[in-house]
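*Asks:* After the structure tokens below, expect a handful of questions from me.
The values are calculated or read from the model by the stated rules, or taken from the named source; none is laboratory data. Note that the coordinates shown come from a computational prediction; the quantities given were computed from them, not determined experimentally. Here the Cβ is made from the backbone with ideal geometry for all residues, glycine too, and neighbour counts use every protein chain on show.
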Amino acid sequence: MSAPSTESYPATWKPPGLIANPLMQRGVVALTVLYILWSIGSLEIDWSRIAQGFDRAGNLFGRMFPPSFERWELLLKGFRESLQMALAASFFGMVLAIPVGLCAARNLAPRPVYLVARGIIVITRTFHEVIIAIIFVKIFGFGPLAGVLTLIVASVSFISKMLAEDIENMTPGAMEAVRATGASFPKFLIYAITPQIMPRYLGLSIYRLDANIRHSTVVGIVGAGGIGQVLQASFNRYDYDFSLAILISIVALVFIGEFFSAWIRGRLR
């Protein structure tokens, strides 16, 4: 008796592709490549202007060196303002994200409350921090208040979304056990929800603090205070040597914030 043929049975399993028909796969790839080529061609890129930009770039970087730290008082003031913005926004964002995150959990809040909370998260996450900062600058004027409010909105949207998803992914056993004891809703939050989400919540908050330190240098470019506003003013005055000093200081600040964030997360494990 001859051995069964294994030619029709592959030795390894491969998951089915998104498009089963090979001809249709090639057609989709061809259309994608054509669309990319058409998109590049429709951008109306001025290559002569790009060539002139290299000369301007050489002039810009040439005037940046050596960096000037002569106005270090202004530099320190901008950094102090950025750190104050990041710390204040992180604190208020952590506090406000708790009720929003709890209301945005499908397995915890009634459906009308859930839909409202999810709508808040979606709307706040739709717009970039710079756009939100522009809106607050138009409302409250130039200064750190607009930057703090911008970073609060970004912090609440990020932390509450992650918090809600963690609550929805919780194992139902502990939740049902606490409910079975007849515990009130506050006790249910304390004994069923808090122990499971607290480490994740603290890690997200530390990560958001690190992000707020970086973003506080960006929102200032549109007038929302901090070192970004000092940087924008230096570019407007063509003080490129001072601009390079600010950029070097921003890199150093982000490195310090990253190290501090990693150290805190390591201690929380």
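*Asks:* Filtering the range 236-269 down to residues that are under 15 Å from LEU76 (Cα atoms) and among the polar types (S, T, N, Q), which residue is modelled with the highest pLDDT?
*Replies:* My answer is SER243.
Rundown of residues vs (1) over 26 Å from the mean Cα position of the chain (by Cα); (2) of a type in the set (S, T, N, Q); (3) more than 30 Å from ILE167 (Cα to Cα), yes/no style:
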site	(1), (2), (3)
SER39	yes, yes, yes
PHE54	yes, no, yes
LEU60	yes, no, yes
SER68	yes, yes, yes
GLY78	no, no, yes
LEU96	no, no, no
GLY101	no, no, no
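*Asks:* Has the range 29-43 got any residue that is among the hydroxyl-bearing types (Ser, Thr, Tyr), touching a Ser or Thr at 6+ places or on another chain (Cβ under 6 Å) and at pLDDT 85 or above?
*Replies:* So far as the range 29-43 goes, no, none of its residues is among the hydroxyl-bearing types (Ser, Thr, Tyr), touching a Ser or Thr at 6+ places or on another chain (Cβ under 6 Å) and at pLDDT 85 or above.
*Asks:* Given ASP241, ASP210, which one is charged (D, E, K, R), in a helix (DSSP H, G or I) and buried (at least 20 other Cβ atoms within 10 Å of the Cβ)?
*Replies:* Step by step, each of ASP241, ASP210 is checked, and only ASP210 is charged (D, E, K, R), in a helix (DSSP H, G or I) and buried (at least 20 other Cβ atoms within 10 Å of the Cβ).
*Asks:* So which residues in the range 101-115 are hydrophobic (A, V, I, L, M, F, W, C), in a helix (DSSP H, G or I) and surrounded by 15 or more Cβ atoms within 10 Å (Cβ to Cβ)?
*Replies:* Of everything in the range 101-115, those that are hydrophobic (A, V, I, L, M, F, W, C), in a helix (DSSP H, G or I) and surrounded by 15 or more Cβ atoms within 10 Å (Cβ to Cβ) turn out to be LEU102, CYS103.
*Asks:* Still on this structure, please answer the following. Among the residues of the range 182-198, is there at least one that is in contact with a helix residue (DSSP H, G or I) (Cβ under 7 Å, 6 or more places away or on another chain), in contact (Cβ under 8 Å) with a residue 12 or more places away in the chain and under 30 Å from SER82 (Cα atoms)?
*Replies:* Yes, the range 182-198 contains a residue that is in contact with a helix residue (DSSP H, G or I) (Cβ under 7 Å, 6 or more places away or on another chain), in contact (Cβ under 8 Å) with a residue 12 or more places away in the chain and under 30 Å from SER82 (Cα atoms).
*Asks:* Taking the condition assigned to a helix (DSSP H, G or I), surrounded by 15 or more Cβ atoms within 10 Å (Cβ to Cβ), modelled with pLDDT under 90 and not aromatic (Phe, Trp, Tyr), does GLY78 pass?
*Replies:* In short, yes.
*Asks:* Mind checking which residues of the range 139-178 are part of a loop (DSSP other than H, G, I, E, B) and either farther than 22 Å from ARG106 by Cα or touching a strand residue (DSSP E or B) at 6+ places or on another chain (Cβ under 8 Å) (or both)?
*Replies:* GLY141, PHE142, GLY143
*Asks:* Filter the range 154-188 down to residues that are crowded, with 23+ Cβ neighbours inside 10 Å and more than 17 Å from ARG200 (Cβ to Cβ), then give me how many there are.
*Replies:* Counting residues in the range 154-188 that are crowded, with 23+ Cβ neighbours inside 10 Å and more than 17 Å from ARG200 (Cβ to Cβ) gives 1.
*Asks:* Kindly evaluate THR217 against the criterion of being surrounded by 22 or more Cβ atoms within 10 Å (Cβ to Cβ) and part of a helix (DSSP H, G or I).
*Replies:* Yes, satisfied.
*Asks:* Test ILE120 against the criterion of being under 15 Å from SER216 (Cβ atoms) and outside any loop (DSSP other than H, G, I, E, B), and give yes or no.
*Replies:* For ILE120, the condition - under 15 Å from SER216 (Cβ atoms) and outside any loop (DSSP other than H, G, I, E, B) - is not met.
*Asks:* Please go through the range 203-258 and give me each residue that is of a type in the set (S, T, N, Q) and either touching a residue at least 40 places away in the same chain (Cβ under 8 Å) or touching a Cys at 6+ places or on another chain (Cβ under 6 Å) (or both), ordered by number.
*Replies:* Selection gives SER205, ASN212, SER216, THR217, GLN229, SER243, SER249.
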